[in-house]
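Structure first, then comments.
What follows is calculated from the coordinates using simple rules that are stated; it is not laboratory data. All values reported here derive from a predicted model rather than from experimental measurement. Ideal geometry is used to build each Cβ from the backbone, glycine not excepted, and the neighbour counts take in all protein chains shown.
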Amino acid sequence: MSGMTSGNANTYAPLSSVYWEGDHLVLLDQRLLPEEIVYLQLSTPEEVWEGIHSMKVRGAPAIGIAAAFGAVLGGMQYESVDSKGWLEQVVKTCAYLATSRPTAVNLFWALDRIKLAAEQLAASNLEAAGLNAALLAEAEAIRAEDEDVCRRIGENALPFFEDGMGVLTHCNAGGLATAKYGTALAPMYLAHEQGLNIKVFADETRPVLQGARLTAFELQQAGIDVTLLADNMAAMVMSKGWIQAVIVGTDRVAANGDVANKIGTYGVAVLAKAHGIPFYVACPLSTIDLNTASGADIPIEERPGEEITEGFGKRTAPQGIKVYNPAFDITPNEYVTAIITEKGVVKAPYHESLKSLFE
Ligand code: MRU
């Protein structure tokens, strides 16, 4: 298991949020952070579905990785040696896991990749144990590639950051949301490795507080200069001149460059534009969905009203109040200065530039 301690102050040795061990999936229960560090062992697709749905694991790349391993667990439950039946079981498990959350396209991307691998394997002469081992290797490849991809996103983002800069981020697009490094937080970790001091301002991110509980936690653990803000303070710190760039992650980028990310991101983008501050989005290619034309076509998850009326166990609104609780919003492409990926940095017009990333 990954530890949190490090010998060198600038060495990034984070907690791993999702990994395979022996015959089961291990998830760090992110709902309990930062107070408790609890690792869960998951052995069935149902447990993985629930872990994604209840946000024990969250963040677009991390839920894709968890779902991929969940599909492997589905294949392992198939007891016969018939590869056709095994494939049907894997495909059925993928369809089931795809219903766990709707917005992050990485979930569907990872499940499609597992399905394709399963189809190819089922057409081979492998026996049941071999099929499951090979599918597990594919899920592990998805996890390992994400770590590498995130580091490359960080390398491509790093030129936008200078020593002493103030950078605001929203939600958690860090190591906890990915295999390692994160997307939006990857350049902070790389800058820190190089001895640069970036002052990060983390929005607390109502109502689930990913900024306060996760971003503030993981940056503080890494020894990075981080200041926590309530969401409604971003305009104030921008007007003071403390913020030179905003960088966020995303759950899905549409073909026209509209960006779905944690609720509140759109407001931050509008504020950044009003203050002449660049607004960067960092993501892997697996988050770019060229099959979705614009942000209007991205399904937005709505979560229980209790997250707002009695978040973390304390009632803070009248009983019976009507609540609207979308988990994500859409930032229109005109607010996005650049999208930073593992394959390079793209700018408007996004229709063309995003497509070029896949050529
Ligand atoms: O609801 P969450 O916590 O899964 O939302 C996460 C985000 O909005 C992240 O910014 C996004 O998934 C990118 S993670 C690299």
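Computed values, structure above
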{"read-out": "Per-q log10 I(q)/I(0), the chain, q = 0.12 Å⁻¹ (Debye; single scatterer per alpha-carbon; no solvent)", "value": "-0.85"}
{"read-out": "Trypsin sites (Lys or Arg not before Pro) restricted to the stretch 318-359 and DSSP loop, no more than 13 other C-beta within 10 Å", "value": "LYS322, LYS347"}
{"read-out": "Karplus (6.51, -1.76, 1.60) ³J(HN,Hα), θ = phi - 60°, over the stretch 130-144, in Hz, Gly and Pro reported as x", "value": "x, 4, 5, 5, 5, 5, 4, 5, 5, 4, 5, 5, 4, 5, 5"}
{"read-out": "Rounded to 10°, Cα long-axis angle of helix 83-97 versus longest principal axis of the chain", "value": "30"}
{"read-out": "Mean Cα-pair separation over length for the chain, i.e. relative contact order, pairs under 8 Å, 6 or more apart, %", "value": "15"}
{"read-out": "Signed unit charges on C-beta, dipole axis of the chain, positive-most listed residue ILE114, GLY311, GLY164", "value": "GLY164"}
{"read-out": "Shape call, the stretch 20-110: gyration tensor on alpha carbons, a/c limit 1.5", "value": "oblate"}
{"read-out": "The stretch 105-210 - percent relative contact order, Cα under 8 Å, separation 6 or more", "value": "25"}
{"read-out": "Cα gyration tensor category, rounded, prolate or oblate, for the stretch 161-356 with a/c compared to 1.5", "value": "oblate"}
{"read-out": "Length-normalised contact order for the stretch 18-151 - Cα pairs under 8 Å, 6+ apart - percent", "value": "23"}
{"read-out": "Part-to-part distance (alpha-carbon centres) for the stretch 194-215 and the stretch 226-242, which is given in Å", "value": "11"}
{"read-out": "Most mobile listed residue (ALA110, ALA296, ALA269) in the chain, GNM with C-alpha springs under 10 Å", "value": "ALA296"}
{"read-out": "Greater than 32 Å apart at Cα, pairs in LYS115/LYS355; LYS84/LYS355; LYS199/LYS262", "value": "LYS84/LYS355"}
{"read-out": "Gyration tensor (alpha-carbon) shape descriptor, the stretch 199-241, a/c threshold 1.5", "value": "oblate"}
{"read-out": "Counted charge near ALA68, where neighbours are those whose Cβ lies closer than 12 Å (Asp, Glu -1; Lys, Arg +1)", "value": "-2"}
